[in-house]
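Take a look at the structure below.
The values are calculated or read from the model by the stated rules, or taken from the named source; none is laboratory data. Note that the structure is a prediction, hence the values are computed from the model and not measured. Cβ: placed from backbone, ideal geometry, glycine included. Neighbour counts: every protein chain shown.
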Amino acid sequence: MEPAQNVAARIRRLADPRPALAVGIGVWTVATLVVLLTGGDVRDDLLPVCIAGIVVGLLGSALFLTQRRAARRGSRGAQVGLD
């Protein structure tokens, strides 16, 4: 592989949001389980925050998948580079 192709492949891999979305949703899920298992006053304050983190991650994933599908379809308003 030529150096330019190697750099381009590395940039594509680093620019892919799927791993970050998956890790973020996973961390919020673990945090939700920890909050549920600890209980007490902390649970009442932190549980909505953890659930909101999961929901925002899922919405971000849905938005990314929708934009990628539109880009592959060739829609005019779609983002560029979401192969």
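Applying the selection to the range 14-36, what residues are assigned to a helix (DSSP H, G or I), within 10 Å of the chain's Cα centre (by Cα) and free of Cβ contacts under 8 Å to residues at least 40 places away in the same chain?
The answer is Pro19, Ala20, Ala22, Val23, Gly24, Ile25, Gly26.
Among (1) assigned to a helix (DSSP H, G or I); (2) of a type outside the set (Gly, Ala, Ser); (3) over 18 Å from Ala15 (Cβ atoms), which single condition is Arg76 missing?
All conditions pass for Arg76, except number (1).
So which residues in the range 49-77 are under 19 Å from the mean Cα position of the chain (by Cα) and farther than 22 Å from Pro19 by Cβ, if there are any at all? Spell out how you get there, then give the answer.
Pass one, the range 49-77, residues under 19 Å from the mean Cα position of the chain (by Cα): 49-71.
If the condition is that a residue be under 19 Å from the mean Cα position of the chain (by Cα) and farther than 22 Å from Pro19 by Cβ, then Val49, Ile51 are the ones that fit.
Assuming Phe64 fulfils every condition listed in (1) modelled with pLDDT of 95 or more; (2) closer than 23 Å to Ala15 by Cβ apart from one, which condition is it?
(1)
Criterion first (β-branched (Val, Ile, Thr) and in contact with a Cys (Cβ under 9 Å, 6 or more places away or on another chain)) does Val35 satisfy it? Spell out how you get there, then give the answer.
Values: β-branched (Val, Ile, Thr): yes; in contact with a Cys (Cβ under 9 Å, 6 or more places away or on another chain): yes.
Spelling it out, Val35 is indeed β-branched (Val, Ile, Thr) and in contact with a Cys (Cβ under 9 Å, 6 or more places away or on another chain).
Among the listed residues Arg10, Arg43, Arg18, identify the single one that is surrounded by 12 or more Cβ atoms within 10 Å (Cβ to Cβ) and out of contact with any strand residue (DSSP E or B) (no Cβ under 6 Å at 6 or more places or on another chain).
Numbers: Arg10 fails: surrounded by 12 or more Cβ atoms within 10 Å (Cβ to Cβ); Arg18 fails: surrounded by 12 or more Cβ atoms within 10 Å (Cβ to Cβ).
That would be Arg43, the only listed residue that is surrounded by 12 or more Cβ atoms within 10 Å (Cβ to Cβ) and out of contact with any strand residue (DSSP E or B) (no Cβ under 6 Å at 6 or more places or on another chain).
Residue under question is Leu65, and the condition is that it be touching a residue at least 24 places away in the same chain (Cβ under 8 Å) and assigned to a helix (DSSP H, G or I); does it hold?
It is false that Leu65 is touching a residue at least 24 places away in the same chain (Cβ under 8 Å) and assigned to a helix (DSSP H, G or I).
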